[in-house]
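Have a look at the structure below, then the notes.
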Amino acid sequence: MTALLDSVRYSTLASYSWEQPRLLLLLPLVPLLLVLRWALARRRRSQLGVAFVRGQLPRDWSAVLRFIPDLVLALSLSFGLVALARPQRTDERVVQTGQGIDIVLVLDVSASMELQDLRPNRLEAAKRVALDFLDGRRGDRVGLVVFAGDAYSLAPLTTDYDLLRENLQGLRLGMIPNDGTAIGTALGVATNRLRDSPSPTKVCILISDGENTAGSLDPLTSAQLAHAYGLKLYTIGLGQDGLVPYGTDETGQPRFIDTRLDETTMRQIAQAGEGRFFRATDNAGLRQVFQQINRYEKSEIKQTRYRNTQDYYRTYLYWCLGLWLVWLGLKNTFLTNALED
């Protein structure tokens with residue numbers, strides 16, 4: 001009885017996947033069939049007028065026993081439909097073969113990233129595209145380094161993309177008190193993160209909008225050191241040269257500031273790291289740059305899925321046959337009317 005109760009619990013039935021789920025729609029028809037059978041039998045039954053004595057016939061609770069065979073038949077048919085619907089449970093195991101690549105994003109958060117030639121400003125545009133870049137990674141470990149006058153490792157190499165998204169969304173101007181652009185130091189921090197990586201492919205993506213003005217490491221020396229540890233360097237120069245909008249003045253008029261990217265150094269860094277230099281002067285250009293890098297650096301990870309499907313229809317089939325035999329037995333007892341059947 002306990003096995004029967006467990007098999008008809010809602011939680012048990014809801015845990016199955018069904019081979020023929022449409023057959024379950026026939027379950028409400030089972031009691032309708034019994035009502036139809038009763039109605040047809042009543043219509044065919046011969047009517048015989050009988051006069052009873054005055055008064056009401058006493059009602060006996062045992063009269064309801066004649067409904068037991070019909071109830072047993074309904075349960076048998078219901079279990080049969082459930083068995084025909086083929087309840088199953090499937091265990092799926094995914095095995096990954098191959099190895100992802102390790103990537104460190106190195107992002108400039110200096111004051112010049114507030115310039116508005118990219119919308120809404122350079123930093124926010126870089127954050128949005130970096131988030132889209134994360135969405136395209138599968139099985140790759142990604143780290144995050146930020147820099148201004150100093151450089152810090154904000155997130156280690158990880159496949160926890162939700163953590164990386166939180167860190168990227170939390171980037172803001174002025175988060176590093178010492179302003180400036182320490183490109184060489186930032187590359188050194190990224191190299192320190194990647195140098196012990198067992199991955200055969202180690203990639204550093206540097207995003208900056210200025211020239212090296214801080215730090216104790218020369219950018220080209222840092223790039224050569226990174227290459228010695230097997231890092232491939234991609235550099236992205238943000239923004240336009242010349243007068244660039246930078247907020248508004250007291251009267252609400254737009255202000256402009258003269259800015260220039262040290263493109264030569266950025267190219268030399270990429271060349272030393274056997275990578276490529278890209279220039280992004282607007283939002284669309286920046287998105288295209290990351291799309292190209294995404295095509296260049298693809299991890300070769302293959303997924304093999306193993307499915308183990310187990311059927312559970314036998315339990316319901318056994319109950320169906322057992323109740324059917326019980327119904328056949330009850331038809332030969334006082335509980336049924338042999339003249340009707």
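The values are calculated or read from the model by the stated rules, or taken from the named source; none is laboratory data. Source: prediction; values computed, not measured. Every residue, glycine as well, gets a Cβ built from its backbone with ideal geometry; the counts of neighbours run over all protein chains shown.
What are the residue pairs meeting all of these: first residue in the range 183-203, first residue assigned by TED's automatic domain parsing to the domain that holds N294, second residue surrounded by 18 or more Cβ atoms within 10 Å (Cβ to Cβ) and basic (K, R), Cβ atoms under 8 Å, and 6 or more apart or on different chains?
L194/K202; S197/R141; S199/R141; T201/K232; K202/K232; V203/K232
State yes or no: is R141 touching a strand residue (DSSP E or B) at 6+ places or on another chain (Cβ under 6 Å) and surrounded by 17 or more Cβ atoms within 10 Å (Cβ to Cβ)?
Answer is yes for this residue.
Name the residue, out of E274, E250, that is farther than 29 Å from Q116 by Cα, assigned by TED's automatic domain parsing to the domain that holds R193 and out of contact with any Phe, Trp or Tyr (no Cβ under 9 Å at 6 or more places or on another chain).
After ruling out the rest, the residue left standing is E274.
Of everything in the range 136-163, what is in contact with a helix residue (DSSP H, G or I) (Cβ under 8 Å, 6 or more places away or on another chain) and acidic (D, E)? Give them in sequence order.
D150
Looking at the range 1-55, which of the residues that are within 46 Å of the chain's Cα centre (by Cα) and among the small types (G, A, S) is modelled with the lowest pLDDT?
Within the range 1-55, the match that is modelled with the lowest pLDDT is A3.
For the range 212-222, does any single residue satisfy the condition of being in a helix (DSSP H, G or I), assigned by TED's automatic domain parsing to the domain that holds S112, touching a Leu at 6+ places or on another chain (Cβ under 6 Å) and crowded, with 20+ Cβ neighbours inside 10 Å?
Yes - at least one qualifying residue is present in the range 212-222.
Can you name the strands (runs of 3 or more DSSP E) wholly within the range 236-341 that have at least 1 residues being modelled with pLDDT under 90?
Strands (runs of 3 or more DSSP E) meeting the threshold: 242-248, 254-259, 302-311.
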